[in-house]
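Working notes, structure below.
The values are calculated or read from the model by the stated rules, or taken from the named source; none is laboratory data. Fair warning: this is a prediction, and the values are worked out from it, not measured in the lab. Neighbour counts are summed over all protein chains in view; Cβ atoms, including those assigned to glycine, are modelled from backbone coordinates with ideal geometry. Note: accessible area is taken over every heavy atom of the protein model, side chains too, but ligands, DNA and RNA are not part of it. Shrake-Rupley method; radii C 1.70, N 1.55, O 1.52, S 1.80 Å.
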Amino acid sequence: MVKDKEMTQDNEKVWTPEELAAVNAELESKTPEEVIRWVIENFAVEDFALACSFKELALLDMLLKEKPDARIFYIDTGFHFKETLDLKSKIEELYDITVERHVPEVSLDDMEKIGGPKLWEIDPDKCCTIRKVEPLRKVLSALKLWMTGIRRDQGPTRAGIPIISWDVKFGLVKISPLATWTKKQVWDYIVEHDLPYNMLLDNGYPSIGCVPCTHPVVDGEDDDRAGRWSGHKKTECGLH
Ligand code: SF4
């Protein structure tokens, strides 16, 4: 369902879930770059953004090569590793961009008053809602499409993700151009294009989030999401 020129310029178009399902079938066989081009042809630059957790550097590189003024944002939970923030600075310098920073409305002090000390240990879902989900909701309320770097091979909870769909939770279109890619393909891209990456990945962290909830993995933990929320059943932040 590639649109003609007139339709592709119609940025007021509202996509129905049925239309998105048809587009999804079409995009399933496309490369991530082709998926990104579909976004650029169908959405104004101010209406979409890549949600960056500084793990999707291959996607960020592809997007900025196609659209150098594309919006990139991150949620500053207040708990990022120094290595993650160093990587953010490196990316900003490398691409000459500013990664938009969005913070929770509830400060760490106020969160302690609401939920007690170390809420992430007592109730990580509540902590993620305050520090990630609600700030993300605020950002997404001003967008028509958000782009994520999630992939089907990142674990059972992501095995069935579509490339594009209507995000019921946040009320906009969601697209994941790397959905069909494997971890190896991502790393091959990073190496081939000599991209920077989080140094923690070389030190036993397969997945990197907030400091209190991210730990190096032990031998035998091969899941890409291993090392997150150890001791809890939780495997997702509530964003996907
Ligand atoms: S990952 Fe941990 S510290 Fe970060 S928001 Fe979620 S529960 Fe809180």
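Only residues that are under 23 Å from Lys13 (Cβ atoms) and either touching a strand residue (DSSP E or B) at 6+ places or on another chain (Cβ under 6 Å) or not aliphatic (A, V, I, L, M) (or both): list them for region 173-209, please. Outline the logic, then answer.
First pass over region 173-209, keeping only residues under 23 Å from Lys13 (Cβ atoms): 173-177, 179.
Within region 173-209, Val173, Lys174, Ile175, Ser176, Pro177 meet the criteria.
Taking region 108-128 on its own, how many of its residues are more than 11 Å from the ligand (Cβ to nearest atom) and open to solvent by 50 Å² or more (accessible area, probe 1.4 Å)?
The number of residues fulfilling the criteria is 6.
Got a number for residues in region 48-92 being among the aliphatic types (A, V, I, L, M) and in a helix (DSSP H, G or I)?
Of the residues in region 48-92, 10 are among the aliphatic types (A, V, I, L, M) and in a helix (DSSP H, G or I).
Kindly indicate which of Trp166, Trp146, Trp187 is open to solvent by less than 20 Å² (accessible area, probe 1.4 Å), outside any loop (DSSP other than H, G, I, E, B) and among the aromatic types (Phe, Trp, Tyr).
Numbers: Trp166 fails: open to solvent by less than 20 Å² (accessible area, probe 1.4 Å); Trp187 fails: open to solvent by less than 20 Å² (accessible area, probe 1.4 Å).
Step by step, each of Trp166, Trp146, Trp187 is checked, and only Trp146 is open to solvent by less than 20 Å² (accessible area, probe 1.4 Å), outside any loop (DSSP other than H, G, I, E, B) and among the aromatic types (Phe, Trp, Tyr).
Looking at Lys144, Lys88, Lys138 in this structure, which one is more than 9 Å from the ligand (Cβ to nearest atom), farther than 21 Å from Asp167 by Cα and among the basic types (Lys, Arg)? Lay out the reasoning, then the answer.
On the way: Lys144 fails: farther than 21 Å from Asp167 by Cα; Lys138 fails: farther than 21 Å from Asp167 by Cα.
Of the residues listed, the single one that is more than 9 Å from the ligand (Cβ to nearest atom), farther than 21 Å from Asp167 by Cα and among the basic types (Lys, Arg) is Lys88.
Residue under question is Thr77, and the condition is that it be modelled with pLDDT of 95 or more, within 15 Å of the ligand (Cβ to nearest atom) and of a type in the set (S, T, N, Q); does it hold?
Values: modelled with pLDDT of 95 or more: yes; within 15 Å of the ligand (Cβ to nearest atom): yes; of a type in the set (S, T, N, Q): yes.
When the stated conditions are applied, Thr77 passes them.
For region 21-45, enumerate the residues that are assigned to a helix (DSSP H, G or I), open to solvent by less than 20 Å² (accessible area, probe 1.4 Å) and out of contact with any strand residue (DSSP E or B) (no Cβ under 9 Å at 6 or more places or on another chain). Even if it seems obvious, please write down each step before you answer.
First, pick out the residues of region 21-45 that are assigned to a helix (DSSP H, G or I): 21-27, 32-42, 45.
With open to solvent by less than 20 Å² (accessible area, probe 1.4 Å) added as a condition, the list becomes 23, 27, 32, 35-36, 38-39, 42.
The one that is assigned to a helix (DSSP H, G or I), open to solvent by less than 20 Å² (accessible area, probe 1.4 Å) and out of contact with any strand residue (DSSP E or B) (no Cβ under 9 Å at 6 or more places or on another chain): Pro32.
Restricting region 169-184 to residues that are surrounded by 18 or more Cβ atoms within 10 Å (Cβ to Cβ) and hydroxyl-bearing (Ser, Thr, Tyr), which is nearest to the chain's Cα centre (by Cα)?
Ser176
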